[in-house]
Each structure stands twice: as structure tokens, then as C-alpha cells.
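Okay, structure first, notes after.
The values are calculated or read from the model by the stated rules, or taken from the named source; none is laboratory data. Computed from a predicted structure; not experimentally measured. Using ideal geometry, Cβ is built from the backbone for each residue, glycine included, and neighbour counts are taken over all protein chains shown. Protein only, heavy atoms only, side chains kept; ligands, DNA and RNA dropped before computing areas. Shrake-Rupley method; radii C 1.70, N 1.55, O 1.52, S 1.80 Å.
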Amino acid sequence: MSDYNADADKAEKQLKMISPTMCYAKWAQVSLHLTNGLGSSCYHPPLHKIDPYEILNDPSALHNTRQKKQERTMMLKGAQPRGCSYCWDIEKRNERSDRVYKSGEYWAQDSRKEIFSKLDTDNIDPTYVEVNFNQACNLSCAYCSPHLSSTWEQHIQEKGDYEIYQGNKTVKHNNLEALNELGFMPLKVAQKNNPYITAFWNWWPKLYKSLQVFRITGGEPLMDSNTYKILDYVYNNPNRWLELSITTNFSPNKKELMDKFLQAVKKLEKIQIWEDKERFNPGSGNHWYVNPALKNFALFISVDNTNAKAEYVRDGLNFNYMVDNVYRFLQETNNTTVTFINTFSVFSVCNTLDYLKFILDLRTHFSKNNQTIVKIPIQDPYTKHPDYEYYPRQRIWFDIPLLRNPKWMAVNILPESIYSKNLENAIDFMKTNTKIDNFNGFYDFEIAKMERNLQFLKTNSNAIDRANFAKFFVQYDKKRNKNLCKMFPELKDFFLECQHTQKSFDNKVF
């Protein structure tokens, strides 16, 4: 969308006036893994440990960690924190990174005044919070890990470790002992005894007042009681500025969980008269407004391909069941959106055009012409505010963040001469379907992201990554009764070449 790029243009000018490495997200955003006490600013940097003693007296230390404060100081001085290499690598190619895009978003812009009023060592409450409460998940996706999926953990326990090459030796991949030593595995305590979850709920009433975006991730959030506790809290404590979202595979193994979730979301959409003396028309004497309990509810669904190809990568997924749930969600709710997250990997390149057609079909089905304007008349003569409306909007979004790890699934291990054509065709398809009058085409920034992914495909990779691609997926197929070449025939020749590379590594390994 042109507005999206305009916001980024504005942010880029602002950031350059402060320092060449400034990023508002380092102050205004936090990603928390409460299962193991790890966190980061956004989801790009590596996770770092949160001090369990600091949060006893100050639960905001979940966000304002010592490491993050050091990185804020570095940014103000124009230095590049090493953990933010995702953006630095993109900027080395003279492309716009998420550092700029994020800083241009409204929740970051609204934090500017407070950021500038604070020292880099001061505490600040974020406006964008992403939280992982639980490791429980019913899928075990190829690029995921046991510390994020209980099904992956069970798979390793039952089928044994995977092996990959590292230098001149083989090492265990997704090994439970190694993950535990790194502090990645969930604490072996009940949630009620988890100090990080306790600190979160102690911080929550204060944090909630500043929140503009709150995102629950997993694991699978629909399987966790904290998700429903959040939904109930928002209903009972309405925040008309809040965008609440959940990242999910949207195919829970129990149908009653889907029913429970939909009931909770529909309850949030009920139109009621709320009072907010702190934030709504302060000083005017009119503190009432008619609204649902929040600004917007957004669903983020992780899926990287379509049909059986999606089920290969995301083991345990029933694609048609997920799609049925998406239609049900969009038909039974109004003020909601769905964003599909395609963690863009080797397998995404093979199926990009079908994936885009899937998005376009949904956009056409739920376009402006198929949306109803709902006006809620005000019955109370003592309130002074306009009628509330549900208005036509884009309800179907998608994102294509580049998969960087594991490196052997990144798109740049593919031969450019063969596979770049796939993305070029996808870009042509997007450019041919840019009519967005009724929300049923593609936006300029979406095309720009696809072009960025194409440029990354053209970068160099290491032979060890191609050897690991073969080594990992030979094991993956055997342990899961799958067949990569049958499911992705377009990868067959490449896979055989990778196996040939693997043999050369076998001769070197000791």
C-alpha cells in the first residue's frame, strides 16, 4: 500500500536524524518466551535470557533487560547491535529493512514522544508485545524445534535425534539435552510456578494501559488457557486502541477448542457502551463511547504452501480443515482480519504461484463487494458520540518473511538459474493483479517483498548447507514416512545433487 511505504519514508527520515542505526522497535516492541524466560525486541534478533531476579521487584524487566538497554545505547551512538543482523544484512543490499518498516508503523510512531523523554537506560512500557505462553502444539513443522512444539519434543523422544554436518563432523540437530543446556527448553514446572508467567501477570494491568498491539504466539495458542484468560480480560477491560492478534496453525486437534475460541472472539465484537476517563476525550467531561471491546482482532495463520505440499512441511497439518476454519472465522466475525505467514523457504519457492492464487481467491471471496456495512444506532440520549460502524476493509493479508535458519532450508541454497524463474513468474502474476478497488488484488509493498526474496535467492550459499538439506530430509522422510521427491517433483534433481554433495561430506567427516 502506498500509505505503508509513505509511513516508512517518514520513519526513515526521522531515524537518520537520530542515528544511522536507530530503530524504535528496540524501545517499543518486545517478544517474550515465558516458557523458558527468553526474550528479544522484535522476532528477528536471537533470544537472550531474562534475569529471573530482576523481575521479582520489577516485572517490566521482562522487556527492559540489561542487554536491550545496552543495545539501545549502541543504536543512539550509531553502532549496529550484532543481534539485529537480519536488518543489517538487508540494508547491505541497499534494500529497506524491517528496522524502517517497523519504525513507521503507528504503534512505534505513537511511542516516539516517550522514547525521547527517556534515557536509554530508563524503563519504558512497550506498545507492541508478543508473548509465547506455552510450548504445547499439535504440529511439528520441518523448520521448527522441540522448544516451540511439544509434538516435536515427543517426536525426538520416540524417533531419536537428527544429524547434520558442522565443519568436519556430524552433530545432533534438535537434540533435547543440547536445547536444555542452552536454556531453550521450557522450565520443568507447572505454569503457576513459572516465575516469568507470574511476572507477566503482575505486569499486565500496568502494561495493558499502554498496549496498542498484543500478539499471542506458541506453541499453539488455542491449546493454552492463558489465551482465553487474555480474551476474557480484554472483554472486561475494553481498550478501543488495542489490536489483539493470535498466531496459530488454526487446525486444533479438538473441535471444541475452535468453538470456544470463536465464541470468545464474537463476544469481543459485541457493541456496548464503555466508559474510559483516562483516554477518551480527557477533560471534556464526555468519557463514554460505543465500541467493541477492542479496535481490531487479527488472526495470523502459519502456512507456507497449499494442500499436500503444506502438509509435508508442516507435519500434522490438515490443510482443508484449516481452510474450513478460516472461512468459518471470516463468516462468523466482522471486525477481524486474517494474515497468512509464509516462512519463505526452499519449499515456498516451489509453490509460490499457487500460494498467491490461494490468497487472491480469498481476497476476491471476502472483497468489499461481499462485506456488509453494519451501523449500530445509539439508543442512549445522554451519550454524545457517533454511531459505530463496521466498514468494508481488507480482511485477507499475507507476509513472506525470509527463513534464515535452519540455513539448509533457506531459498539461497537453490540454483538461481533454475528457480529464480518461479519467483519472477509470481511477481508478474502479482503485477498483473494489482487492482485493489475492491480489496482483491496485490499491493505494491507485497510485490516489493517478493522482489526482496528473489534477490536473496540470488545470493551465495555454502556447500555444507546443500549437504545438510539432503542429510536432514533423508532422515525426515524416513522418520515421518514421507517422500520429498514425490511431493516436490520440481526439487528432485536438486535433491539428488544435494545427496551427491552429502556423499563428499561423508568422506570428510570424522
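A few comments on the model shown:
- Within the straight-line cut-off of under 27 Å between alpha carbons, the lysines reachable from LYS77 are LYS10, LYS13, LYS16, LYS26, LYS49, LYS68, LYS69, LYS92, LYS102, LYS113, LYS118, sequence neighbours fewer than 8 places apart in one chain being disregarded.
- Of interest is the spacing of the C-alpha centroids, which for region 310-379 and region 98-155 amounts to 23 Å.
- Ordering of 441-451, 242-252, 102-112, 23-33 by packing is 23-33, 242-252, 102-112, 441-451, highest average first (other Cβ atoms within 10 Å, averaged per residue).
- Shape category assigned to region 102-170 from the gyration tensor of Cα positions, a/c cut at 1.5: prolate
- Over all other residues within a Cβ to Cβ distance under 14 Å of GLN80, the charged ones net out to +3, with Lys and Arg as +1 and Asp and Glu as -1.
- Per-residue Karplus couplings for region 224-239, computed as 6.51 cos²θ - 1.76 cosθ + 1.60 with θ equal to phi - 60°, are listed in order as 10, 5, 4, 4, 6, 5, 5, 4, 5, 4, 4, 4, 7, 9, x, 9 Hz, Gly and Pro entered as x.
- Based on protein heavy atoms only, the chain ends up with 45 Å² per residue of surface accessible to a 1.4 Å probe.
- Gyration tensor (alpha-carbon) shape descriptor, region 1-151, a/c threshold 1.5: oblate
- Neighbours of ASP3, meaning other residues whose beta-carbon lies under 12 angstrom from its beta-carbon, give a summed charge of -3 when Lys and Arg score +1 and Asp and Glu score -1.
- Value at 222 nm in deg cm²/dmol, rounded to 500, when DSSP H runs of n ≥ 4 in the chain each add -39,500 (n - 2.57): -13500 deg cm²/dmol
- Hits among aspartates and glutamates - C-alpha to C-alpha of LYS421 under 13 Å, sequence gap 8 or more where chains match: GLU451, GLU490
- Carbon and sulfur %, accessible surface of the chain computed with the full protein complex present, 1.4 Å: 48
- Candidate lysines - alpha carbon under 18 Å from LYS482, same-chain residues fewer than 8 apart omitted: LYS159, LYS309, LYS471, LYS492
- Against the set (1) 23.4, 83; (2) 29.6, 119; (3) 24.0, 74, the structure's computed Rg and Dmax of the Cα atoms in Å falls on (1).
- Cysteines without a disulfide-compatible neighbour (Cβ-Cβ under 4.7 Å), the chain: CYS23, CYS42, CYS84, CYS87, CYS137, CYS350, CYS485, CYS498
- If only the Cβ of Lys and Arg carry +1 and only the Cβ of Asp and Glu carry -1, the dipole of region 408-470 around its Cα centre is close to 120 debye.
- Angle between the chain longest axis and helix 195-210 axis [Cα atoms, degrees, rounded to 10]: 50
- Rounded to whole numbers, the Karplus 3J(HN,Hα) couplings from phi for region 24-35 are 5, 4, 5, 9, 9, 10, 8, 10, 10, 10, 6, 5 Hz, using 6.51 cos²θ - 1.76 cosθ + 1.60 with θ = phi - 60°, and x at Gly and Pro.
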